[in-house]
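The values are calculated or read from the model by the stated rules, or taken from the named source; none is laboratory data. Owing to the predicted nature of the structure, the values given are computational and were not obtained by experimental measurement. Because the Cβ atoms are built from the backbone with ideal geometry, glycine has one as well, and the counts that use them run over all protein chains shown.
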Amino acid sequence: MAKHGEDTVVRVMREVDRAAFLPSSQRGRAGFDGPIRIGFGQTNSQPRTVANMLRLLDVQPGQRVLDVGSGSGWSTALLGELVGPEGTVIGVERVPELVVRSREALDARGRSWVEVREALPGTLGWPEDGPFDRILVSAEARELPEQLVEQLAVDGRMVIPVRSRMLLVTKDESGIEVSAHGAYLFVPLIEG
């Protein structure tokens, strides 16, 4: 079992209030185990799905993590708790209004090692700050994006939904290995 087993993921999800990352009109639904619309065609993912993704990702203290499609910033905050102050989490989001909202919610938590950046046009992820030990993608790709594989460090792990299948991508000196871990629905990943 990974060092960050179920107990750690559950504990972190209890510590980071989902409601703080939802639009005020949706905060009363924070306990709902389903996706919640946050505007701009985006959702805050189902907690059970987020927990499954975090377990697959196996984030360790002190790691550098990239959160692609950070949306409300909730997953970014969860990752920040998993890496701790000796780690770094960079969330990347394309919708400027969601970037502003998620920054406000994250700032209220006072975690200087966690930030959300507005995605650069034509760029997937944040290559100039790579490679990353872990990459979480919370939007569905049509194919495994080579741009993100290139940003993954050796001995790194990426969790990404591709064509409704949750994939775990691991990278070592000889290349990558991909395994599938169930069927899921996500908003589409904008890759360009």
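For this structure, a couple of remarks:
- Here 57, 66, 78 are screened, and the one residue that is closer than 20 Å to residue 185 by Cα and either at pLDDT 95 or above or among the acidic types (Asp, Glu) (or both) is 57.
- Only one entry of 164, 179 meets the criterion of being of a type in the set (S, T, N, Q) and out of contact with any Ser or Thr (no Cβ under 9 Å at 6 or more places or on another chain), and that entry is 164.
- Residue match in the range 27-49 (condition: polar (S, T, N, Q) and loosely packed, with under 13 Cβ neighbours inside 10 Å): no
- When residue 138 is tested against (1) more than 24 Å from residue 28 (Cα to Cα); (2) touching a Gly at 6+ places or on another chain (Cβ under 6 Å); (3) touching a residue at least 60 places away in the same chain (Cβ under 8 Å), exactly one condition is not met: (1).
- Helices (runs of 4 or more DSSP H) enclosed by the range 1-109 - at least 1 residues per element that are within 21 Å of residue 164 (Cα to Cα) and without any contact (Cβ under 8 Å) to a residue 24 or more places away in the chain: 47-57
So that you can scan it fast, the table gives a plain yes or no per residue for (1) small (Gly, Ala, Ser); (2) surrounded by fewer than 14 Cβ atoms within 10 Å (Cβ to Cβ); (3) at pLDDT 95 or above:
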| position | (1), (2), (3) |
| --- | --- |
| 84 | yes, no, yes |
| 89 | no, no, yes |
| 101 | no, no, no |
| 111 | no, no, no |
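- Close Cβ contacts (under 6 Å, 6 or more residues apart or on different chains) running from residues in the range 157-172 that are more than 10 Å from residue 56 (Cα to Cα) to residues that are among the acidic types (Asp, Glu) and surrounded by fewer than 21 Cβ atoms within 10 Å (Cβ to Cβ) comprise 161/140; 170/177.
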